[in-house]
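Engineer: Please find one structure pasted underneath; my questions will follow.
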Amino acid sequence: LQYWHEHIATLVAQGVTMADVLEANQLEPEPESEEEDYMTLPLKEIRSGGQTGADTAGLVVGKALGLRTGGIAPKGYRTETGPCPELKDYGLTECASSDYQVRTEQNVLHSDGTVIFGDLRSSGSGMTRRLCKKHSKPCLPIPWPFAEGEDADVATGKLIAAFHAWLL
């Protein structure tokens, strides 16, 4: 958590905005309308199981942007790197079970949709996709890292555009 907190805090302190991200990735913003600012996303809360990597980054970024954060963590706030009771600071509650599947299913059930960042062939990603399908919840799988030889700036721009479109 400390790494992500410091990294995101630095970006926020520097005034980095979503517009900066779009510009850096050479994406054209949608034309502004009187009804809706293109930078306003219908995102109200970031829910996470609290695992290291994208789960943790989502919590830190969400909190930095003023979104509600929360979710359900395995008993003992279990993560791949050991217990992380600091997850309570991000609104996570402890599941009665230490089983990752129980926690993941609860988070899927209490979310409007799920984004999976990472190795989409991993057992955890597969389980999450199956649970989304089982409960008829939308799921957006985003592979990470990028394919070998793929330009990171171009790939990042595509991911941001896909994520923005998925949210809308």
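Engineer: List, please: which pairs have Cβ atoms under 8 Å, are six or more places apart or on different chains, and start with a residue in the range 122-140 that is under 12 Å from Q51 (Cβ atoms) and end with one that is of a type in the set (S, T, Y) and open to solvent by 40 Å² or more (accessible area, probe 1.4 Å)?
Structural biologist: Pairs found: G124/Y100.
Engineer: Looking at the range 102-114, which of the residues that are closer than 18 Å to G53 by Cα and in contact with a helix residue (DSSP H, G or I) (Cβ under 7 Å, 6 or more places away or on another chain) is modelled with the highest pLDDT?
Structural biologist: Only one residue tops the list, namely T104.
Engineer: Now for a separate question. Return only the number of the condition from (1) out of contact with any Pro (no Cβ under 8 Å at 6 or more places or on another chain); (2) part of a helix (DSSP H, G or I); (3) more than 30 Å from A155 (Cβ to Cβ); (4) open to solvent by 50 Å² or more (accessible area, probe 1.4 Å) that V102 does not satisfy.
Structural biologist: (1)
Engineer: Still on this structure: For the range 137-149, does any single residue satisfy the condition of being over 22 Å from A162 (Cβ atoms), out of contact with any Lys or Arg (no Cβ under 8 Å at 6 or more places or on another chain), not in a strand (DSSP E or B) and not β-branched (V, I, T)?
Structural biologist: No, that holds for no residue.
Engineer: So if I check each of S123, S97, which one is hydroxyl-bearing (S, T, Y) and over 16 Å from I72 (Cβ atoms)?
Structural biologist: Among S123, S97, only S123 is hydroxyl-bearing (S, T, Y) and over 16 Å from I72 (Cβ atoms).
Engineer: Something else: Hey, any hits in the range 88-98 for a residue that's surrounded by fewer than 17 Cβ atoms within 10 Å (Cβ to Cβ), β-branched (V, I, T) and modelled with pLDDT under 95?
Structural biologist: No, because not a single residue in the range 88-98 is surrounded by fewer than 17 Cβ atoms within 10 Å (Cβ to Cβ), β-branched (V, I, T) and modelled with pLDDT under 95.
The values are calculated or read from the model by the stated rules, or taken from the named source; none is laboratory data. The shown structure was predicted, so the numbers you read here are calculated from the model rather than taken from an experiment. Neighbour counts run over all protein chains shown; Cβ positions are idealised from the backbone, glycine included. Just the protein is used for accessible areas: all its heavy atoms, side chains included, with ligands, DNA and RNA removed. Shrake-Rupley method; radii C 1.70, N 1.55, O 1.52, S 1.80 Å.
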